[in-house]
Amino acid sequence: MKKKVLVILMGLICFMLAAGTSFAAEGYPLRAKYAKLKYISTAELKKEYARAVIVDVRSKLEFDVIHITKAVNVPVAQKTFDREVKELRGRHETAPLVFYCNGHACEKSYEAAEQARGLGIENIMVYDAGIHDWVLANAEKTTLMGETPAQKSRLIPSDRLKSHKIKYAEFSQKVQAADAVCIDIREPFQRKEIPKLPRLRNIPSDRLVQLLAGSEFKGKTLLITDAVGKQVEWIQYYLEKYGIKNYYFLENGVLSARN
């Protein structure tokens, strides 16, 4: 009887351990695809904060809006990524290299870690909870729009971003207005497909940020598109910083113009 109870208890323990692993991975849909990578949680990264080399692999625009304060910006999309990561490892031979991006469903951190592994670099981890989770838990170690610590009250909530996104049909109609300025913030190399929108101007995001500080767009209605509707989240911070109220984003970006 005791042996039978022991077997049952062992079975329950195994089930609970398996369930715990499953629950831990919940909310991280890309971990199964990158099963060989090592992951670090928000709490663990906070403990390792002083020792770790934290690498933000997002674009300069995203980094300039918000980043983990001590992070180094090495965009995974740039051609110099391999060289810069090797140089980081050379300067910090024993410290863990921790890659992060926007979190959960953002693939850039995984891609960066895989690329670094391919270079023979070891002691790599992925912080796939990302910047959104980090700032909520560690505002004191976050830089938002150039200020540290980050002020959570200055974070733009998702519902406010959503309220400025409109579908292609409405977007196409609004660009007809006399005061409308239609802007494609994609980089030139991304512009293989050009949506049929009148007076469409290509102003890459970094350049647009500079122009927003001036008077060119004051009193105008800005209609902005990117590739898939992700980059506009970061442009919104600058629109609000410079007091521009009349603006709309194309929902799902140029991708929606194909339909």
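Since every read-out is calculated from the coordinates, none of them should be taken as a lab result. Everything quoted here is computed from the prediction, not taken from an experiment. Because the Cβ atoms are built from the backbone with ideal geometry, glycine has one as well, and the counts that use them run over all protein chains shown.
Before moving on, here are some points about what is shown:
- Against the chain, whose longest principal axis comes from its Cα atoms, helix 81-91 is set at around 50 degrees.
- Lys-Lys pairs in segment 29-154 that are eight or more residues apart or on separate chains and whose Cα atoms lie under 17 Å of each other come to 15.
- Dipole magnitude (debye, nearest 20) for the chain, charges at Cβ of Lys, Arg, Asp, Glu: 420
- Separation in nanometres of the label points that stand 7 Å from Cα toward Cβ, at LEU161 and LYS230: 1.1
- Helix content alone sets the calculated 222 nm mean residue ellipticity of the chain: runs of n ≥ 4 DSSP H residues at -39500 (n - 2.57) each, divided across all residues, give -11000 deg cm²/dmol.
- FRET efficiency, 1/(1 + (r/R0)^6) with R0 25 Å, evaluated for THR148 and ASN123 via beta carbons: 0.40
- Rounded tilt (10° steps) of 2-25 against the dominant C-alpha axis of the chain: 20
- Using a Förster distance of 35 Å, the FRET efficiency for LYS245-GLU187 (Cβ separation, nearest 0.05): 0.80
- Distance between the pseudo-spin-label points of ARG83 and ARG51 (7 Å out from Cα toward the beta carbon): 3.2 nm.
- Taken over segment 151-259, the alpha-carbon convex hull comes to 100 cubic angstrom per residue.
- Phi-based couplings in Hz for segment 56-65 (Karplus 6.51, -1.76, 1.60; Gly and Pro marked x): 8, 9, 7, 6, 4, 4, 4, 4, 5, 6
- Ordering ILE185, ALA257, ILE203 by Cα displacement along the dipole of the chain toward the positive end leaves ALA257 in first place; charges were set at the Cβ atoms of Lys, Arg (+1) and Asp, Glu (-1).
- Fraction in percent of alpha-carbon pairs per bin - 10 Å, the chain: 6, 25, 29, 21, 11, 4, 2, 1, 0
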